[in-house]
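Read the structure below first, then the notes.
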Amino acid sequence: MAKGEKRAVRRRIVNAYVSSVISISLVLLLVGVASLLLVNARSVSDYFKENMQVSVMLKPDVSDEEAARFQTALENMSFIRNSEFISRERGASEMAELLGDDFLRVFDTAPIPVSIDVTLDADYVSADSLEVVKKAVSASPLVDEVVYQQSLVEALNANLSKISSVLAIFIALLLFISFVLINNTVRLSVFDRRFSIHTMKMVGATRGFIRAPFLVQALFQGLFSAILAIIMLLAILFVVRSEFVQLFEIFRMELLLSVMGIVTVCGVAICMTSTLFVVNRLISLNKDELYF
């Protein structure tokens, strides 16, 4: 083979390898995004639950000083995440903004009691747990009523459960599509070398000896693709962080290492598995079947 032909073949192999790495990296990028959503699903759920307010309405004769002491007692309860004191003046102001000043003029005294808005730990935002919380808080003689939106709690838990199920199905489909796409990419790359495989088989090379260089190449191909996908994912997160700062208050970025691990394992595993299947099939072909 002339030097020009060798360079052309070498260039074609390099181009095929580079295009394969890029294609696999793009697929792994989707896997990385889906994995980031998966590992942070609990954080997103907890964020919405811990921002749902429960209003503790105090009795009309409770003074601000008594309410402040009771607020301190509430904050010492294990299920209370944080609390906010709502004075009569603030409550009246908010009611006036909502219903208008004319509504409040019909009363001799402001009908708005002192209240404390609390948020709970996410584990307690469920129908059964909220009943336990309500009983514990209502045990105080200062408490007139504990108010929360039961329908909102039920809708929140139901919707989060549905979102988790849909996300799980989406990730499963994405992994299947990823395997198919990467398998096709690897198959095309290895298939170009079918004549080399046949030559090695003709001179007596064992299946393990023939597979070894292809599996090593698949290992590095998976690693390079995963590294490129991780770099693209980090770049996307950097851009998103500059635009949506609040999103990073929900996501636990320490789990990013887990996402990197998932992307790397998927890249290496799928590349090596696909290469193994393709090489085994090509080893089994006879000379006539190599041309089809």
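Do you know which of the residues in the range 60-72 that are under 14 Å from S140 (Cβ atoms) and touching a residue at least 24 places away in the same chain (Cβ under 8 Å) is surrounded by the fewest Cβ atoms within 10 Å (Cβ to Cβ)?
Within the range 60-72, the match that is surrounded by the fewest Cβ atoms within 10 Å (Cβ to Cβ) is E66.
Is there any pair linking a residue in the range 260-280 that is under 11 Å from F214 (Cα atoms) to one that is surrounded by fewer than 19 Cβ atoms within 10 Å (Cβ to Cβ) and at pLDDT 85 or above, with Cβ under 7 Å and at least six apart or on different chains, and which?
What qualifies is M272/L215; M272/L219; T275/L215; L276/L215.
Do any residues in the range 22-42 that are farther than 13 Å from L175 by Cα have Cβ atoms under 7 Å from those of residues that are open to solvent by 70 Å² or more (accessible area, probe 1.4 Å) and part of a loop (DSSP other than H, G, I, E, B), where the two are at least six apart or on different chains, and which pairs are they?
Pairs that qualify, where the first residue is farther than 13 Å from L175 by Cα and the partner is open to solvent by 70 Å² or more (accessible area, probe 1.4 Å) and part of a loop (DSSP other than H, G, I, E, B), are N40/R252.
Could you figure out which of (1) under 40 Å from the mean Cα position of the chain (by Cα); (2) surrounded by 12 or more Cβ atoms within 10 Å (Cβ to Cβ); (3) part of a loop (DSSP other than H, G, I, E, B) isn't true of S83?
(3)
Out of the residues in the range 237-247 meeting the condition of being within 15 Å of V33 (Cβ to Cβ) and outside any loop (DSSP other than H, G, I, E, B), tell me which one is modelled with the lowest pLDDT.
L247
Name, by its number, the condition in (1) at pLDDT below 80; (2) in a helix (DSSP H, G or I); (3) open to solvent by 50 Å² or more (accessible area, probe 1.4 Å) that does not hold for L174.
It fails just one condition, (3).
Looking at (1) loosely packed, with under 15 Cβ neighbours inside 10 Å; (2) farther than 15 Å from K134 by Cα, which is the one condition that is false for E75?
The number of the failed condition is (2).
The values are calculated or read from the model by the stated rules, or taken from the named source; none is laboratory data. This one's a predicted model, so the numbers in the text were calculated from it and none came from an experiment. No Cβ is skipped: glycine too gets one built from the backbone with ideal geometry, and neighbour counts run over all protein chains shown. Heavy atoms of the whole protein, side chains included, go into the accessibility calculation; ligands, DNA and RNA do not. Shrake-Rupley method; radii C 1.70, N 1.55, O 1.52, S 1.80 Å.
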